[in-house]
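The values are calculated or read from the model by the stated rules, or taken from the named source; none is laboratory data. Please read these numbers as outputs of a predicted model, since none were measured by experiment. All Cβ positions, even for glycine, are placed from backbone atoms using ideal geometry, and neighbour counts span all protein chains on display.
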């Protein structure tokens, strides 16, 4: 599948190429789910780098806000390692969202568990860690247990991917589900995007409400919602997948952060004809600096080769 042609009703992104992968000296590979934190003179991007067994730890890399293909510095050791055997995040940790709270930075992350039975491939739940705002090279867990309690229909997956302050509290958008579907060659995780409010970003209700449902019987997942304020409302970038297409990027808009309207085909960034992002584009994060708006994303193999970037060349007003 090639790059789509220009569309007056779509955004336009210029791909800048592959940016970063785990350093060879780390003994790790890839860079999963880039999660940016804008600092005074750089963009610090947290990402998950895998060991030989496929378990991720959280690493970071600093990028030039004028040119995010230019690396300024990188971690030499994990910012957050998997938990000890038997813990909810023993099988790997991947960054999802960062939030400034006073003089601290909170890291919301996905903690992986091995499957609980033959009908599962994995389980994944939210964890939370923190670091002083000026010292985000290393994080300390706030809790040794999952941030969110499980429920019957959020039994296997319940992970916060975006969280923003609101009047009197916080609003979060998270991926949730309770089953795997048998595909042609493997079990397919089934999950959608949900939302819920919290008074402090630490205590959450037992269940939220669906924000973006699955769009068709073939679609088995919509996930990694990355929400940003936009035109007085909100824009959510996320991935959607079927067994045929694995992952593609799309977006939804909302005037109030609760009711969402999906706009498939209007993002203006698809797989390339060849190379590191020719099979999938996944796990978006969008960051705006004084220079431009950039989209960070993964390509083939869920970040197997690292993460890349694109720059916004033609914006699109809020669509509701």
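Just give me the residues in region 238-278 being crowded, with 17+ Cβ neighbours inside 10 Å and touching a helix residue (DSSP H, G or I) at 6+ places or on another chain (Cβ under 7 Å), in sequence order.
276, 277
Looking for whichever is at pLDDT below 95 and either surrounded by 14 or more Cβ atoms within 10 Å (Cβ to Cβ) or within 28 Å of residue 79 (Cα to Cα) (or both) here; the options are 150, 136, 145, 185. Which one fits?
150
Considering 293, 242, which residue is closer than 16 Å to residue 12 by Cβ, modelled with pLDDT of 95 or more and within 19 Å of the chain's Cα centre (by Cα)? Break it down stepwise before answering.
On the way: 242 fails: closer than 16 Å to residue 12 by Cβ.
The unique qualifying residue is 293.
Return yes or no: is residue 22 in a loop (DSSP other than H, G, I, E, B), surrounded by 13 or more Cβ atoms within 10 Å (Cβ to Cβ) and either modelled with pLDDT of 95 or more or within 23 Å of the chain's Cα centre (by Cα) (or both)?
On the way: in a loop (DSSP other than H, G, I, E, B): yes; surrounded by 13 or more Cβ atoms within 10 Å (Cβ to Cβ): yes; either modelled with pLDDT of 95 or more or within 23 Å of the chain's Cα centre (by Cα) (or both): yes.
It is true that residue 22 is in a loop (DSSP other than H, G, I, E, B), surrounded by 13 or more Cβ atoms within 10 Å (Cβ to Cβ) and either modelled with pLDDT of 95 or more or within 23 Å of the chain's Cα centre (by Cα) (or both).
For the subset of region 198-223 comprising residues that are closer than 20 Å to residue 145 by Cα and either touching a helix residue (DSSP H, G or I) at 6+ places or on another chain (Cβ under 7 Å) or free of Cβ contacts under 8 Å to residues at least 24 places away in the same chain (or both), which member is surrounded by the fewest Cβ atoms within 10 Å (Cβ to Cβ)?
Checking each candidate, the answer is 203.
When you go through 53, 89, 67 one by one, which is the residue that is assigned to a loop (DSSP other than H, G, I, E, B), under 27 Å from residue 223 (Cβ atoms) and in contact with a strand residue (DSSP E or B) (Cβ under 9 Å, 6 or more places away or on another chain)?
89
Taking the stated definitions as given, is residue 226 on the phi > 0 side of the Ramachandran plot, touching a residue at least 24 places away in the same chain (Cβ under 8 Å), touching a strand residue (DSSP E or B) at 6+ places or on another chain (Cβ under 8 Å) and not in a loop (DSSP other than H, G, I, E, B)?
So residue 226 fails the test.
Would it be correct to say that residue 193 is within 17 Å of residue 102 (Cβ to Cβ), crowded, with 17+ Cβ neighbours inside 10 Å and touching a strand residue (DSSP E or B) at 6+ places or on another chain (Cβ under 7 Å)? Quick ask: steps written out before the conclusion?
Values: within 17 Å of residue 102 (Cβ to Cβ): no; crowded, with 17+ Cβ neighbours inside 10 Å: yes; touching a strand residue (DSSP E or B) at 6+ places or on another chain (Cβ under 7 Å): yes.
So residue 193 does not fit the description; no.
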